[in-house]
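Only one structure is covered here, and it is reproduced in the block below.
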Amino acid sequence: MFPVDRPRRLRRTPAIRRLVAETSLQPRHLVLPMFVADGIDAPREITSMPGVYQHTLDSLSKAAEEAVAAGVGGVMLFGVPRPEDKDADGSGATDPQGILNRGLRRLKSDLGDATVIMADTCLDEFTDHGHCGVLTEGGAVDNDATLTRYVDMAVAQADSGAHLLGPSGMMDGQVAAIRAGLDAAGHHDVGQLAYSAKYASAFYGPFREAVGSSLQGDRRTYQQDSANRREATYEVELDLAEGADMVMVKPAMSYLDILRDVANMSPVPVAAYQISGEYSMITAAAQNGWIDRDAAILESLTSIRRAGADIVLTYWATEAAGWL
Ligand code: PBG
């Protein structure tokens, strides 16, 4: 009549639960995405991401030092150029004086090798049309012409001190092209965290404000369709064959099944990106008093680790690292 098997025994006290926890979350697992903006003289809070800022070079440096002091595994830098500096080719991405390259040099000179400095290798912040690549005359995103731009961007970022590049544009062949370009420039030591399985997602909405995106329309001709699962492991296999040093699944929370698939097959470290919309949803619900903010953050990060991420990119990296 009464049960013999009682799983509740192992849930009885916090100490027992801690002893038997299968998944761990440590500061080194967390990577902080950061935004550095040109033409501002004070950090600017992003309206749709309360608590996240577009940084000046000085505030970037300070926030990165705080992240490192909290023990995070690394930082991922995005550049926000002045609107008048955008053009069809995204010239600011390859200009050594472009804001992202200046930000990288600042981080490198302040932090050296004390953390892992990563750079977003994608044109969308720098193009006046907001797409991740250059366009054909007909307005389509031109895969192969874009690869040439990515190679130049990658070399400029490596020259500026990035340890790892994050190609996030979902162009076919981007990892191989960047690898060849880096090697030809003598940057054999600079690796790639490939955004291998990146889905076209409505949850990127707040990021578009964060980087002042000019995009009209969507990215469905290059980012993956959320209906597809097998395609993600195919994309990962291609990136591995092209020389990816690590792979990423993005977004995280609506794609935990994909993350598990990738973790099961990948011989290299797997990252997942808890994106802007995930941040904003939890933040907004907590601001309304509808959920316990800190518990929800920790639960979300734990679920991403449990699904198979070695590394989690999250806007809460510094704060969460401080709790752990
Ligand atoms: C593209 C890029 C995007 C994000 C990271 N890299 C935007 C997009 O694909 O539209 C989204 C990150 C986020 O939403 O937090 N450079």
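3J(HN,Hα) couplings calculated from phi for segment 233-250 with the Karplus curve 6.51 cos²θ - 1.76 cosθ + 1.60 (θ = phi - 60°) are, in sequence order, 6, 5, 4, 5, 4, 4, 5, 5, 5, 7, x, 5, 8, 8, 10, 10, 10, 7 Hz; Gly and Pro show x. Less than 5 angstrom separates the built amide H of LEU30 from those of GLY73, VAL312, all sequence-distant by 5 or more or on a different chain. Were the residues from ASP257 through LEU215 laid out at 0.36 nm apart, the gain over their Cα-Cα distance would be 12.2 nm. For LYS108 and TRP323, the difference between the fully extended length at 0.36 nm per residue and the C-alpha to C-alpha distance is 74.7 nm. Once the Cβ-Cβ distance of LEU135 and ALA180 is raised to the sixth power relative to R0 = 25 Å, the FRET efficiency obtained is 0.55. Centre-to-centre separation between the Cα atoms of segment 133-193 and those of segment 84-126: 13 Å. Applied to segment 172-188, the Karplus parametrisation 6.51 cos²θ - 1.76 cosθ + 1.60 on θ = phi - 60° returns per-residue 3J(HN,Hα) values of 5, x, 5, 5, 5, 4, 5, 4, 5, x, 5, 5, 5, 8, x, 8, 5 Hz, with x for Gly and Pro. Among bridges DSSP assigns within segment 24-323, what percent are antiparallel (round to 5)? Antiparallel bridges: around 10 percent, rounded to the nearest 5. Helix-only arithmetic for the chain: the sum of -39500 (n - 2.57) across DSSP H runs with n ≥ 4, divided by the residue total, places the mean residue ellipticity at 222 nm at -11500 deg cm²/dmol.
How big, in percent, is the set of alpha carbon pairs in segment 24-323 lying more than 36 Å apart? Everything past 36 Å amounts to 8 percent. Assuming charge only on the beta carbon of Lys and Arg (+1) and of Asp and Glu (-1), the dipole of segment 103-201 about its Cα centre is about 260 debye to the nearest 20.
Taken together, the values in this text are just the output of simple stated rules run on the coordinates, not laboratory data. Computed from a prediction, not measured in an experiment: that's the story for all the values here. Methodologically, a virtual Cβ is constructed for each residue, glycine included, from the backbone with ideal geometry; neighbour enumeration extends over all protein chains shown.
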